[in-house]
1. What is the sum of charges, Lys and Arg at +1 and Asp and Glu at -1, for the other residues whose Cβ falls under 15 Å from the Cβ of residue 280?
2. When the helix-only estimate is applied to the chain (DSSP H runs of n ≥ 4, each -39,500 (n - 2.57), divided by the residue count), what is the mean residue ellipticity at 222 nm, nearest 500 deg cm²/dmol?
3. Tally Lys/Arg at +1 and Asp/Glu at -1 over every other residue whose Cβ is under 15 Å from the Cβ of residue 143; what's the total?
4. Can you give the Rg/Rh ratio of the chain, where Rg is from the C-alpha atoms and Rh is the Kirkwood radius?
5. Taking the alpha-carbon centroid of each part, what is the distance from the range 82-115 to the range 180-212 in angstrom?
6. Name all residues of the range 78-116 having a backbone nitrogen under 19 Å from the label point set 7 Å from the Cα of residue 145 along its Cα→Cβ direction, giving them as ranges.
7. Where both partners of a DSSP beta bridge lie in the chain, what percent of those bridges are antiparallel, to the nearest 5?
Amino acid sequence: MDSKPLSDDRPGAEGEPGEARYFAGHSPEAFEAERLAVLGQMLNPLTSRRLKQLPIERGWRCLEIGAGNGSVAQSLLERVGPEGRVVATDINPRFLTGGKLPNLEVRRHDILADDLEAGAYDLAHCRLVLAHLADPVRALGRMASAVRPGGWLFVEEGDFGSFGAADPTHPRSEEYDRRVRALLGALQAGRFIDCYFGRQVPAWMQRLGFVAVGHEGLIRVSWGGEPSARFLQMSNQLARGPLLAAGVLTEADLEGLDQAYQDPSFSFVDMTLFGVWGQRPG
């Protein structure tokens with residue numbers, strides 16, 4: 001199949017920061033609310049476990065970049081208590097409601113374009129945000145600058161190097177692997193997302209001067225019908241237009257992926273979700 005690199009063809013998208021590049025930035029509200037809820041089902045228990053490894057104290061001021069529906073910000077509020085504060089930012093904060101919580105500030109914010117208070121936060125966190133940005137390393141550096149001396153930076157990013165069918169004998173596996181290779185190749189070539197940014201974060205955090213840098217990567221096998229499969233199915237649906245326009249996948253390919261993600265007998269290795277944390281010296 002002839003194809004060209006996948007790109008975002010919405011007017012004004014080229015060269016724009018944050019929202020213009022993010023493929024779900026303009027998705028229908030009800031659909032995106034469901035997609036974010038499914039993402040929370042998948043990842044909130046893991047993020048909560050990782051946060052418990054950090055010495056978060058009551059009274060801390062925390063920053064959540066790309067807060068989505070606010071589920072992680074809510075977990076942070078529980079850790080810092082009423083005397084603490086959480087600033088939850090998003091390029092489109094339509095699912096964030098902080099008006100009823102005096103210690104939650106909701107902020108419309110683009111990490112690549114808008115200022116942040118320097119050295120103001122005890123903890124800065126993001127999950128599955130940076131790889132979608134035009135310059136993820138610069139965004140990481142801006143987050144790092146917002147952390148106070150002695151504070152912590154905690155980043156969770158995906159890496160699709162592990163992605164593929166889990167059972168090579170399953171009748172769907174060969175076509176599934178062909179389709180996801182085409183998809184990931186186009187995403188990477190078009191700089192739509194850095195599919196392999198997760199593995200890079202530990203080194204970048206060290207280069208930024210952070211110490212006590214720790215990391216882990218979670219790889220798991222999922223089956224059709226599970227939350228991970230539903231999330232991928234919904235994400236493919238959002239990207240359907242650009243995928244077809246670029247000639248990356250055909251209607252039959254997309255239908256085949258949909259069927260695989262609904263088939264409880266089909267298993268696949270999901271992306272690796274890296275968690276990386278480090279402390280700013282001082």
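Laboratory data are not the source of any read-out in this text; all were calculated from the coordinates shown. Bear in mind the structure is a predicted one, so any value in this text is a computation, not a measurement. Glycine gets a Cβ as well: all are built from the backbone with ideal geometry, and neighbour counts include every protein chain shown.
1. +2
2. On the way: 8 runs with 98 residues, N = 282.
It lands at -11000 deg cm²/dmol.
3. Numbers: positive: 61, 107, 127, 138, 142, 148, 207, 280; negative: 64, 90, 110, 114, 115, 117, 122, 135, 156, 157.
Residues close to residue 143 contribute a combined charge of -2.
4. Values: Rg = 18.9 Å, Rh = 19.5 Å.
Rg divided by Rh gives 0.97.
5. 26
6. 89-91, 108-116
7. Numbers: 19 of 38 bridges.
The antiparallel proportion sits near 50 percent.
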